[in-house]
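Notes for the one structure printed next.
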Amino acid sequence: MDHSGHGMHTDLLPFTLGRGLQWSADPFFLVACLAGLGLYGWGVVRLRRRGDAWSAGRTVSFVVGVLTIMLVMCTRLNDYGMVMFSVHMVQHMVISMLSPILILLGAPMTLALRALPAAGGGRKGPRELLLMLLHSRYMRIITHPAFTIPLFIASLYALYFSPLFDFLMGSKVGHIAMMVHFLAVGVVFFWPIIGVDPGPHRPGHLMRMLELFAGMPFHAFFGIALMMASEPMVDTFRETPASLGIDALSDQSAAGGIAWAFSEIPSVLVLIALLFQWYGSEQRQAKRKDRAADRDGDKELEAYNAYLASLNTRGR
């Protein structure tokens with residue numbers, strides 16, 4: 001196969017991405033994203049009206065996270081992603097590794113638990129049902145590293161290197177299902193590691209770092225496998241439209257480079273967030289110890305004063 005498309009492709013990709021930012025909404029993701037933003041906004045307003053504070057940083061993180069989904073699914077990037085492996089890989093990396101981190105840092109479950117009214121009277125309303133889900137056996141299973149790490153890895157290798165990918169890309173519903181799957185896998189992988197929301201599996205900070213680094217190298221290996229391949233490995237992108245003037249193998253190589261490079265971005269983001277969370281946790285623990293020490297000191301002082309008073313009474 002002629003590899004002369006490499007140079008042409010590297011010139012064309014920025015141009016394609018630039019044109020890809022034109023509006024071209026996928027109805028499912030547009031409605032889902034707008035609903036998510038609306039519900040989050042309702043929760044923040046409800047808390048503020050009640051006089052409760054809610055972090056502006058969390059709000060910004062959630063909104064930016066949802067906007068990144070809209071960026072890759074509601075613009076022409078989504079159209080190009082159906083015919084160009086490299087653009088599809090940008091979509092995959094953003095929706096599975098960037099959007100989940102930003103959404104999780106927005107603490108949507110915590111906001112929902114604080115904003116939703118309690119049903120009362122032994123009834124089960126939305127708040128009670130959400131609490132039951134968060135503490136269910138199902139959630140314990142899908143947030144355990146024995147489940148999340150293999151799922152994170154299998155979503156790359158088992159999907160791209162099997163006929164399943166071509167089958168899903170063959171229909172609109174299949175493509176949407178695949179993107180929802182990428183988002184869900186990212187959420188369950190990063191939630192125990194970085195999530196602010198309550199969850200059944202919450203290891204120590206050092207263990208969270210180990211979980212992060214257990215999954216990330218496989219992304220890099222996947223990218224290298226695509227870059228090193230001597231022929232197109234995915235039938236969907238084997239024949240690129242002639243109008244784009246792209247060589248399929250060079251486009252696959254670019255997709256591999258994106259997958260390899262992108263594994264660094266969430267690693268850095270998550271590490272920074274984890275270090276801040278770890279520092280905050282240590283500070284809170286130190287304050288609790290100080291308060292406990294103050295209380296113990298007050299009790300000792302009261303006991304000593306009572307002892308002096310008893311001596312004084314006996315002296316009289």
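Could you list, in sequence order, the residues of region 141-152 that are in contact with a helix residue (DSSP H, G or I) (Cβ under 7 Å, 6 or more places away or on another chain) and either assigned to a helix (DSSP H, G or I) or open to solvent by 80 Å² or more (accessible area, probe 1.4 Å) (or both)?
Within region 141-152, Ile141, Ile142, Pro145, Phe147, Thr148, Ile149, Leu151, Phe152 qualify.
So that you can scan it fast, the table gives a plain yes or no per residue for (1) within 19 Å of Leu104 (Cβ to Cβ); (2) of a type in the set (Val, Ile, Thr); (3) touching a residue at least 60 places away in the same chain (Cβ under 8 Å):
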site: Tyr157; (1), (2), (3): no, no, yes
site: Leu164; (1), (2), (3): no, no, no
site: Met179; (1), (2), (3): yes, no, yes
site: Asp197; (1), (2), (3): yes, no, yes
site: Arg208; (1), (2), (3): yes, no, yes
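The condition of being more than 30 Å from Thr59 (Cα to Cα), at pLDDT 90 or above and not acidic (Asp, Glu) holds for only one of Gly122, Gly174, Gly186, that being Gly174.
The residue that is nearest to Val187 (Cα to Cα), counting only those in region 51-62 that are surrounded by fewer than 17 Cβ atoms within 10 Å (Cβ to Cβ) and hydrophobic (A, V, I, L, M, F, W, C), is Val60. When Val66, Val83 are screened for being under 17 Å from Leu269 (Cβ atoms) and either surrounded by fewer than 23 Cβ atoms within 10 Å (Cβ to Cβ) or modelled with pLDDT of 95 or more (or both), only Val66 passes.
Here Met178 does not qualify as under 15 Å from Leu271 (Cβ atoms) and not small (Gly, Ala, Ser).
Are any residues in region 63-93 closer than 19 Å to Val185 by Cβ, of a type in the set (Val, Ile, Thr) and free of Cβ contacts under 8 Å to residues at least 60 places away in the same chain, and if so, which ones? Residues satisfying the conditions are Val66, Thr68, Val72. When region 165-174 is filtered for residues that are open to solvent by less than 80 Å² (accessible area, probe 1.4 Å) and of a type in the set (A, V, I, L, M, F, W, C), the ones remaining, listed by number, are Phe165, Leu168, Met169.
Selection of region 96-105 for residues being surrounded by 24 or more Cβ atoms within 10 Å (Cβ to Cβ), closer than 17 Å to Leu156 by Cα and hydrophobic (A, V, I, L, M, F, W, C) yields only Met97. When each of Ser162, Ser155 is tested for being under 28 Å from Ile224 (Cβ atoms), among the polar types (S, T, N, Q) and surrounded by 15 or more Cβ atoms within 10 Å (Cβ to Cβ), the lone residue that passes is Ser155. With respect to the stated conditions, Pro192 fails to be assigned to a loop (DSSP other than H, G, I, E, B), open to solvent by less than 40 Å² (accessible area, probe 1.4 Å), out of contact with any Lys or Arg (no Cβ under 6 Å at 6 or more places or on another chain) and without any contact (Cβ under 8 Å) to a residue 60 or more places away in the chain. Just to verify a result, which residue in region 259-279, among those that are aliphatic (A, V, I, L, M) and open to solvent by 30 Å² or more (accessible area, probe 1.4 Å), is nearest to the chain's Cα centre (by Cα)? By that ranking, first place goes to Leu269.
Restricting to region 175-184, name every residue that is aromatic (Phe, Trp, Tyr) and surrounded by fewer than 16 Cβ atoms within 10 Å (Cβ to Cβ). The answer is none; no residue qualifies.
Residues checked against (1) hydrophobic (A, V, I, L, M, F, W, C); (2) at pLDDT 95 or above; (3) within 24 Å of the chain's Cα centre (by Cα); (4) open to solvent by less than 40 Å² (accessible area, probe 1.4 Å):
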site: Ser4; (1), (2), (3), (4): no, no, no, no
site: Met8; (1), (2), (3), (4): yes, no, no, no
site: Leu12; (1), (2), (3), (4): yes, no, no, yes
site: Thr16; (1), (2), (3), (4): no, no, no, yes
site: Gly20; (1), (2), (3), (4): no, no, yes, yes
site: Pro27; (1), (2), (3), (4): no, no, yes, no
site: Ala35; (1), (2), (3), (4): yes, yes, yes, no
site: Tyr40; (1), (2), (3), (4): no, yes, yes, yes
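When region 42-53 is filtered for residues that are closer than 14 Å to Met109 by Cα and either polar (S, T, N, Q) or free of Cβ contacts under 8 Å to residues at least 60 places away in the same chain (or both), nothing remains.
Of the residues making up region 216-258, those that are open to solvent by 50 Å² or more (accessible area, probe 1.4 Å) and among the hydroxyl-bearing types (Ser, Thr, Tyr) are Ser230, Ser243.
The values are calculated or read from the model by the stated rules, or taken from the named source; none is laboratory data. Computed from a prediction, not measured in an experiment: that's the story for all the values here. Backbone-built Cβ (ideal geometry, glycine too); neighbour counts: all protein chains shown. Ligands, DNA and RNA are stripped out before the accessible areas are found, and what is left, the full protein with its side chains, is counted by its heavy atoms. Shrake-Rupley method; radii C 1.70, N 1.55, O 1.52, S 1.80 Å.
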